[in-house]
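Undergrad: Below is the structure I would like to discuss, written out as structure tokens.
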Amino acid sequence: MQPNTLHAKLSLLPLLVFVGLFLGAGLYLQSQGVDYAFYQLPAPVAILPAIVVAFLINKGSINNSVETFIKGAGHNNIITMCLIYLLAGAFSAVAGATGGVDAVVNAGLSFIPASFLLPGLFLISAVVSTAMGTSMGTIGAIGPIAYAVSLKTGIDPALMAGTIVSGAMFGDNLSIISDTTIAATRTQGCEMKDKFRENLKIALPAAILTVLLLLFLTPEPQVVDAKPFEWLLVLPYIFILVLAVAGLNVFVVLFSGIVFAAAMGFTGDYQAGSFAKDVYKGFSDMQEIFLLSMFIGGLSEFIRINGGLDYLALKIQKLTSIVAKWHRKVADQLGIAALVLVSNLCIANNTVSIIVAGPVAKKLADDGQISGKRSASLLDIFACVMQGSLPYGAQALLLGATFKISPWDVSTSSFYCFILAFTAITVICLRRNKA
């Protein structure tokens, strides 16, 4: 079927319904002054009307439509992604419950030179976020500490908040247990270790430039008090990172990490009963993204069989046709970036935007002969760029509330996100034949 047919266009309607409901509810609630307006309507609920629309416009019987939906929801990539979510959630919950997060934060604070305060807090946020796999968890852990440091030292609260969200987005983008990494690698069909290495080529230069900028912006040297910590509680985060980079199967990495984190906790007062509850809590924490991934998988199957993905890919390629005259790979990579940027702008959730944009990005990557690790890296990078820059994103909202400033001030001070976008585009253009 030709991707420019009316049916191909109609197949995209359910996706537009989902984005419209999610975005519309957020904008309306925000106008009413509701806190965290874009997070009041759970995404798995917002997508249900879209699924109904997909059933109504799909050709064939209701039984055929049900089979199509189940085929998409039960796709190997979707189920694998969901299982990884569960294990990642369990590791994060167990490692956090044993005191690992506080240990990592205080370990970092203990080694920050007084004249390196802002770059140091950026690096602490980056390390914690990479270890935890969540920018929100990092901000929740470090935000109050950074606010106290800001009051004590007189550093501009917006600059301090922007530093924290910058480090948090660095780790969220790179972490092998981050849901954005899981979604990007599964939708693009590449290994986590390969995506990590590809991602690092872009994120590391951006981080170095950010550190230099923050070093310049740091005021007169200040002393920060750090609490005592146990190195044993830091080890689980180092453990899973080393195993992942070494190339072990992700299921082995995460399961081993859960056991290792519990073992470190058992050296203190952590109990076996608490371990079981924390594992289940980690599973529960991933319920929303688990359900949404399956629903998006089912919805994407309707779009795929009716030519919607081909239609979208063709439209994006037309938009980047001027660049394509110079270099096709560059054009398709910029198309992937634009696709996920717009998706995240509408949805205000980097993981959901990757899941939504993933199939079309895969089509663009295949057409442009772009490697899976590069397309996965670009998806994750530009989703995090937009998420860290959104004044109505959860990260800016939480830090705005913590620091008692406008979320706009937070998002406009997230220098790493802007530098990361510049670095990524530069790499796309300069390394155009190595994608």
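The values are calculated or read from the model by the stated rules, or taken from the named source; none is laboratory data. Computed from a predicted structure; not experimentally measured. Virtual Cβ from ideal backbone geometry, glycine too; neighbours counted across all protein chains shown. Accessible surface is based on the protein model in full, side chains and every heavy atom, while ligands, DNA and RNA are left aside. Shrake-Rupley method; radii C 1.70, N 1.55, O 1.52, S 1.80 Å.
Undergrad: Go through PHE196, PHE255 and list them by solvent-accessible area, largest first, probe radius 1.4 Å.
TA: In descending accessible area the options line up as PHE255, PHE196.
Undergrad: For region 344-435, with all protein chains present and a 1.4 Å probe, just round the carbon and sulfur fraction of the accessible area to a whole percent.
TA: So the carbon and sulfur contribution to the accessible surface is 62 percent.
Undergrad: Within 10 Å, at most 13 other Cβ atoms, and a DSSP state outside H, G, I, E, B define an exposed site. Report the longest part of the chain free of exposed trypsin sites (Lys or Arg not before Pro).
TA: Value returned for the longest uninterrupted segment is 60-403.
Undergrad: Return an integer: the convex hull volume of the alpha-carbon atoms of region 300-435, in Å³ per residue.
TA: 101 Å³
Undergrad: Oh, and also: With a 1.4 Å probe and all protein chains in place, put VAL101, VAL17 in order of accessible area, largest first.
TA: So, going from the largest accessible area down, we get VAL17, VAL101.
Undergrad: Could you check how many percent of all C-alpha pairs in the chain are farther apart than 37 Å?
TA: 23 percent
Undergrad: Then there is this: I'd like the per residue volume of the convex hull spanned by the Cα atoms of region 1-124, given in cubic angstrom.
TA: 216 Å³
Undergrad: Greater than 28 Å separation of Cα atoms is the criterion. Which listed pairs, LYS59/LYS362; LYS318/LYS373; LYS59/LYS195; LYS193/LYS315; LYS71/LYS373, meet it?
TA: LYS59/LYS195; LYS193/LYS315
Undergrad: Grab the other residues whose beta carbon is less than 15 angstrom from that of VAL242, score K and R as +1, D and E as -1, and report the net.
TA: Local charge sum for VAL242: +2.
Undergrad: Sticking with this structure for a sec: Translational D (Stokes-Einstein, µm²/s) of region 78-213 at 37 °C and 0.692 mPa s when Rh comes from the Kirkwood sum over C-alpha pairs?
TA: Using the Kirkwood radius from Cα pairs, D works out to 213 µm²/s.
Undergrad: While we're on this one: With Rg and the Kirkwood Rh both taken from Cα atoms, where does Rg over Rh land for region 134-223?
TA: Value, to two decimals: 1.07.
Undergrad: Using a Förster distance of 30 angstrom, determine the FRET efficiency expected from the C-beta separation of SER284 and ARG431, and round it to 0.05.
TA: Approximately 0.10, to the nearest 0.05.
Undergrad: Keeping all protein chains in the complex and leaving out DNA, RNA and ligands, what accessible area do you get for ILE316 with a 1.4 Å probe, in Å² to the nearest 10?
TA: 20 Å²
Undergrad: Per the helix-only calculation at 222 nm, which mean residue ellipticity applies to the chain, given -39500 (n - 2.57) for every DSSP H run of n ≥ 4 and division by its residues, nearest 500 deg cm²/dmol?
TA: For the chain, the value works out to -25500 deg cm²/dmol.
Undergrad: Once label points are set 7 Å from the Cα along Cα→Cβ at both PHE111 and SER31, what is their separation, rounded to one decimal in nm?
TA: Result for the modelled spin labels: 5.1 nm.
Undergrad: Also, quick follow-up: Against the longest alpha carbon principal axis of the chain, how many degrees, from 0 to 90 and to the nearest 10, is the axis of helix 117-132 turned?
TA: 50 degrees
Undergrad: May I ask for the net charge around MET386, where only other residues with Cβ less than 14 Å from the Cβ of MET386 are counted and Lys, Arg are +1 while Asp, Glu are -1?
TA: -2
Undergrad: Something else now. Any chance you could look up the accessible area of VAL104 with a 1.4 Å probe, heavy atoms only, rounded to 10 Å²?
TA: 20 Å²
Undergrad: Shifting gears a bit: Report the FRET efficiency, 1/(1 + (r/R0)^6), for ILE79 and ASP156, where r is their Cβ-Cβ distance and R0 is 35 Å, rounded to 0.05.
TA: So the FRET efficiency works out to roughly 0.15.
Undergrad: With a 1.4 Å probe and all protein chains in place, put ILE355, ILE112 in order of accessible area, largest first.
TA: ILE112, ILE355
Undergrad: Report the extension gain between ILE322 and GLN271 in nm, rounded to one decimal, defined as 0.36 nm multiplied by the number of residues separating them, less their alpha carbon distance.
TA: 12.2 nm
Undergrad: Follow-up. Just add up the charged neighbours of VAL128: K/R +1, D/E -1, any other residue whose Cβ is under 12 Å from the Cβ of VAL128.
TA: Counting the neighbours of VAL128, the net charge comes to -2.
Undergrad: May I pose another question? Relative to the longest principal axis of the C-alpha atoms of the chain, give the angle of the C-alpha long axis of helix 372-389, reported between 0 and 90° and rounded to the nearest 10°.
TA: 60 degrees
Undergrad: Taking the simple approach of a point 7 Å from Cα along Cα-to-Cβ for both LEU345 and THR412, what is their distance in nm?
TA: So the label points at LEU345 and THR412 sit 1.9 nm apart.
Undergrad: If you don't mind, there's one more thing I want to ask. Between PHE251 and LEU56, how high is the FRET efficiency from 1/(1 + (r/R0)^6) when r is the Cβ-Cβ distance and R₀ = 30 Å? Nearest 0.05.
TA: 0.20
Undergrad: Given +1 on the Cβ of Lys and Arg, -1 on the Cβ of Asp and Glu, and no further charges, what dipole in debye does the chain carry about its Cα centre, rounded to the nearest 20?
TA: That gives a dipole near 1440 debye.
Undergrad: Something else now. Round to the nearest 10 and give me the degree value, 0 to 90, for the angle of helix 235-245's Cα axis relative to the longest principal axis of the chain.
TA: The two axes meet at around 40 degrees.
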